1. Checking Ala340 against (1) small (Gly, Ala, Ser); (2) farther than 18 Å from Asp221 by Cα; (3) surrounded by 15 or more Cβ atoms within 10 Å (Cβ to Cβ), which test does it fail?
2. Quick check on the range 89-139: of everything there that is over 25 Å from Glu55 (Cβ atoms) and among the β-branched types (Val, Ile, Thr), which residue is farthest from the ligand (Cβ to nearest atom)?
3. Taking the options Leu237, Leu210, name whichever one is in contact with a helix residue (DSSP H, G or I) (Cβ under 6 Å, 6 or more places away or on another chain), under 18 Å from Leu127 (Cβ atoms) and either touching a residue at least 24 places away in the same chain (Cβ under 8 Å) or surrounded by 12 or more Cβ atoms within 10 Å (Cβ to Cβ) (or both).
4. Looking only at residues that are crowded, with 19+ Cβ neighbours inside 10 Å and in contact with a Phe, Trp or Tyr (Cβ under 7 Å, 6 or more places away or on another chain) in the range 320-333, which one is farthest from Leu251 (Cα to Cα)?
5. Considering each residue of the range 140-152, count those that are more than 14 Å from Pro185 (Cβ to Cβ) and touching a His at 6+ places or on another chain (Cβ under 8 Å), and give that number.
6. Among the numbered conditions (1) in a helix (DSSP H, G or I); (2) over 19 Å from His206 (Cα atoms); (3) not polar (S, T, N, Q), tell me where Val271 comes up short.
7. Looking at (1) surrounded by fewer than 17 Cβ atoms within 10 Å (Cβ to Cβ); (2) part of a loop (DSSP other than H, G, I, E, B), which is the one condition that is false for Gln109?
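Taken together, the values in this text are just the output of simple stated rules run on the coordinates, not laboratory data. All values derive from a computational prediction rather than experimental measurement. Positions of Cβ are backbone-derived with ideal geometry, glycine not excepted, and every protein chain shown enters the neighbour counts.
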Amino acid sequence: MGRKMGKKVRVSQFIQKLGEMAQAMPDNRAGHHNQRYELQDAVRGAFSVFCMQSESFLAHQRALLQQKGRSNLESVFQMESVPSDTHIRNLLDGVHVGHFEAAYDWLWQRLLATDKVAPFRLMGRRLLVGVDGIQYFSSAKIHCEQCSRQETDGGVRYSHRVLTALVVHPEQSEVLPLAPEFLLPQDGTDKQDSELAAAKRWLLRHGSWLREQSAVILGDDLFSHQPFCEVVLAAELAFILVCKPSSHETLYSWVSAIERGGKVPEVNRRVWNGRHGEIWRYRYLNELPLRAGDDGLCVNWCELTITHEKSGEQLYHNSFVTNLPLNNQTVQDVTHAGRARWKHENEGHNVLTTRGYHIKHNFGHGQIHLSTVLFSLNLLAFFLHTVLQLVDTHYQQIRAALGARRTFFEDIRSLMRWQVFASWEALIQFMADGLGLAPAPD
Ligand SMILES: [Zn+2]
């Protein structure tokens, strides 16, 4: 196997890339020739906060800069000068979040050049891509042009929602983000944006990449509606979407009718979970109408019910619609893929919310774009650390040696508080040496 030195994911190269992206962003305030350098520093400075999982990281490094005349902001995070927090926020407020998509693309290109995406593939070489919405900001006071507004008894409530898209796999603990789609007030109308509308925009923008990866779109019951399925099919992609009886009466009336005729194919499997036996019952039907009317889209339906072998207690049940053809074998693959959606919540939104990234914390709101830009930089920090966990042997070993995720971040913050490292790689090497780790393979 050839060595892929140039393709190895280096944090220093990613920081470099962030700066180059900032250089290319449109200069909103003509006449300020320093603006591009300032914006580059603002992007790197804000990213450093998320990368280090610490709101006070900039303040500590400024103190270090005063004492020693240098800090990790200039070395590790490659900043030319260190703007104030207010200045960073003001600069980022003027940048559309779409300009950061190139950073996701960069990480994906590097990741796809390794063999680390292969374990995420299933059903041939497909990738499962879950879409799901999350509200990351809500306030009665703070608001910006991009806030959604809702009239409540207590007055107006301002909020931000975003549709995240994550590559998931039933047996992989990591999840891999694609650039998200923000729900924003739509031009010239009072109409609130919706997750479905955001998901359609997202699909149209990422269609070609998703096709290259033979993506299967996963989503909850909200997405198993004909207009969305049609957009997925028009993009030549596949879908596996949760389909509840309460929101799909027509489809389930067909299931009931065929059930009464005793013609619903069924597969039963016994699974030992380590403590007791489980009975996994799969049922499926091909070519049912997703909705009433002559133009109802033809979809395939399946369900998985898991019961306790002895007590008969139901342990799990879910049902899905898909465009993938179902038979006794594929029904198992499809339901297992559909089930992987819980990773989106567990390994995606929960980690982002509670385990260090604090995506629901208000890091600054701004007047126009700041709220969305900071969210996206935080998600990029999550993506970068995930990629490192997959591809960087020393990073993996250090994380494993330190146990809790929190300890790792506490340690890198402590080290950077006392010492200036030449680069991220120098910091990781310092820790690897301290642990007596063997040199990394490449
Ligand atoms: Zn806002």
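1. (2)
2. Filtering the range 89-139 for residues that are over 25 Å from Glu55 (Cβ atoms) and among the β-branched types (Val, Ile, Thr), the one farthest from the ligand (Cβ to nearest atom) comes out as Thr114.
3. Going through Leu237, Leu210 in turn, just one is in contact with a helix residue (DSSP H, G or I) (Cβ under 6 Å, 6 or more places away or on another chain), under 18 Å from Leu127 (Cβ atoms) and either touching a residue at least 24 places away in the same chain (Cβ under 8 Å) or surrounded by 12 or more Cβ atoms within 10 Å (Cβ to Cβ) (or both): Leu237.
4. So the residue we want is Val331.
5. Final tally of qualifying residues: 1.
6. Of everything listed in (1) in a helix (DSSP H, G or I); (2) over 19 Å from His206 (Cα atoms); (3) not polar (S, T, N, Q), Val271 misses just condition (1).
7. The single condition Gln109 does not satisfy is (2).
Per-residue answers, yes or no, for (1) within 22 Å of Val231 (Cα to Cα); (2) charged (D, E, K, R):
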{"residue": "Arg157", "(1), (2)": "no, yes"}
{"residue": "Glu171", "(1), (2)": "no, yes"}
{"residue": "Pro177", "(1), (2)": "yes, no"}
{"residue": "Gln192", "(1), (2)": "yes, no"}
{"residue": "Glu195", "(1), (2)": "yes, yes"}
